[in-house]
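Novice: Okay, handing you the structure first.
The values are calculated or read from the model by the stated rules, or taken from the named source; none is laboratory data. Keep in mind it's a predicted model, so treat the numbers as computed, not measured. Glycine gets a Cβ as well: all are built from the backbone with ideal geometry, and neighbour counts include every protein chain shown. Side chains included, ligands, DNA and RNA excluded: accessible areas come from the protein's heavy atoms. Shrake-Rupley method; radii C 1.70, N 1.55, O 1.52, S 1.80 Å.
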Amino acid sequence: MLSSGTSPSWTWSDVDIAVPRPSARLPGIRMAGFGVRACAFVDIAMVAHPSVTLLFDLSEAGGIGYEANGGQYQRGSFVAGLLPGQLRAGGWNGECLQIRLSPVVAASVFGASTELSGTVAALEDVWLRDDARQLEERLRATSSWDERFAIAADVLTRRLDGRSSIDPEVAHTWRRTVAGRGRIRVDGLADEVGWSRQRLWSRFRSQIGLTPKRAAQLVRFDHAAHLLAAGHAPASAAAQSGYVDQSHLHRDVKAITGITPSAVATAPWLAIDDVAWPAASRT
């Protein structure tokens, strides 16, 4: 998801951030709650992350909304697949729950997560409408973030029980790609799982929604983006992330976000990652 700026009349000090207790976290699922206290409209562009993202609007008057790829502004909860393009979220005073699902988990939760790649959709268009509304009502009925995290975890766990839409070989390839920060050879991964390169490429794309090479590009970009946000110069971030050179980094960043590495470095969306998404649980 992209970042080119935000409303000048608010800062992250106007936002309360809640995260689950470590004991309540689930593999492949990360959550964070946001309560906006700003007096002005909050408008923030989102930065691409190697996950399928759910954003639940918990405000009483449907105050949260989104705009994808310059399209019409939409209100309400939404789901963003991998590499959804330019995406902005905003709203007035209100609360929202953001959930990041690894694509391996997302495939089981939604059944056809590959259809989400490159798209943004209203939650009720992806989740059964009645189920989506019931979950939103349950989340809104309590003001306790611990309870909200527990409710969301319970619903997701039940959707995962007995369901697996991902081959173990594909899941292994995704985990190795993330662990290697995108610096991994597809041929080597095919050998690890005992498949041909062609078979791995085909099965991975049909189940994750991206080719292994494109997935590695996204994971590598995520690492570089966080280095940039931490103050590393583009040349240093490029070298540490496995890019051929700074120009290579610039091309990838531009292709994924539509903006430059220097703009990513100051992206408001990344400024609170250490609070909302601790380093050990980003993916």
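Novice: With respect to the numbered conditions (1) modelled with pLDDT under 90; (2) among the charged types (D, E, K, R); (3) in a strand (DSSP E or B), which one is the sole condition not fulfilled by Arg30?
Specialist: (1)
Novice: Suppose the filter is within 19 Å of Pro20 (Cβ to Cβ) and in contact with a helix residue (DSSP H, G or I) (Cβ under 9 Å, 6 or more places away or on another chain); does Arg148 pass it? Spell out the reasoning first.
Specialist: Values: within 19 Å of Pro20 (Cβ to Cβ): yes; in contact with a helix residue (DSSP H, G or I) (Cβ under 9 Å, 6 or more places away or on another chain): yes.
Here the answer is yes, as Arg148 does meet what is asked.
Novice: Another question, then. Is it the case that Ala255 is more than 23 Å from Gln98 (Cβ to Cβ), within 19 Å of the chain's Cα centre (by Cα), small (Gly, Ala, Ser) and open to solvent by 40 Å² or more (accessible area, probe 1.4 Å)? I'd like the intermediate steps shown before the answer.
Specialist: Numbers: more than 23 Å from Gln98 (Cβ to Cβ): yes; within 19 Å of the chain's Cα centre (by Cα): yes; small (Gly, Ala, Ser): yes; open to solvent by 40 Å² or more (accessible area, probe 1.4 Å): yes.
Spelling it out, Ala255 is indeed more than 23 Å from Gln98 (Cβ to Cβ), within 19 Å of the chain's Cα centre (by Cα), small (Gly, Ala, Ser) and open to solvent by 40 Å² or more (accessible area, probe 1.4 Å).
Novice: Oh, and also: Which pairs do you get when a residue that is of a type in the set (S, T, N, Q), found in region 205-218, comes within reach of a residue that is part of a helix (DSSP H, G or I), reach meaning Cβ atoms under 7 angstrom, with the pair 6+ apart or on two chains?
Specialist: Ser206/Thr114; Gln207/Ala107; Gln207/Thr114; Gln207/Val170; Thr211/Trp201; Thr211/Phe204; Thr211/Arg205; Gln217/Asp252
Novice: Next up: Quick one: which residue in Leu156, Leu139, Leu128, Leu189 is crowded, with 20+ Cβ neighbours inside 10 Å and free of Cβ contacts under 8 Å to residues at least 24 places away in the same chain? Break it down into steps so the answer makes sense when it comes.
Specialist: Values: Leu156 fails: free of Cβ contacts under 8 Å to residues at least 24 places away in the same chain; Leu139 fails: free of Cβ contacts under 8 Å to residues at least 24 places away in the same chain; Leu128 fails: crowded, with 20+ Cβ neighbours inside 10 Å.
The match here is Leu189.
Novice: Within region 160-178, can one find any residue that is in contact (Cβ under 8 Å) with a residue 40 or more places away in the chain, closer than 30 Å to Lys213 by Cα and acidic (Asp, Glu)?
Specialist: The answer is yes, given that some residue of region 160-178 is in contact (Cβ under 8 Å) with a residue 40 or more places away in the chain, closer than 30 Å to Lys213 by Cα and acidic (Asp, Glu).
Novice: Name the residues in region 159-186 that are in a loop (DSSP other than H, G, I, E, B), open to solvent by 80 Å² or more (accessible area, probe 1.4 Å) and either within 23 Å of Ile29 (Cα to Cα) or at pLDDT 90 or above (or both), would you?
Specialist: Of region 159-186, the ones in a loop (DSSP other than H, G, I, E, B) are 161-167, 180-185.
Filter once more, keeping what is open to solvent by 80 Å² or more (accessible area, probe 1.4 Å): 161-164, 181, 183, 185.
If the condition is that a residue be in a loop (DSSP other than H, G, I, E, B), open to solvent by 80 Å² or more (accessible area, probe 1.4 Å) and either within 23 Å of Ile29 (Cα to Cα) or at pLDDT 90 or above (or both), then Asp161, Gly162, Arg163, Ser164, Arg181, Arg183 are the ones that fit.
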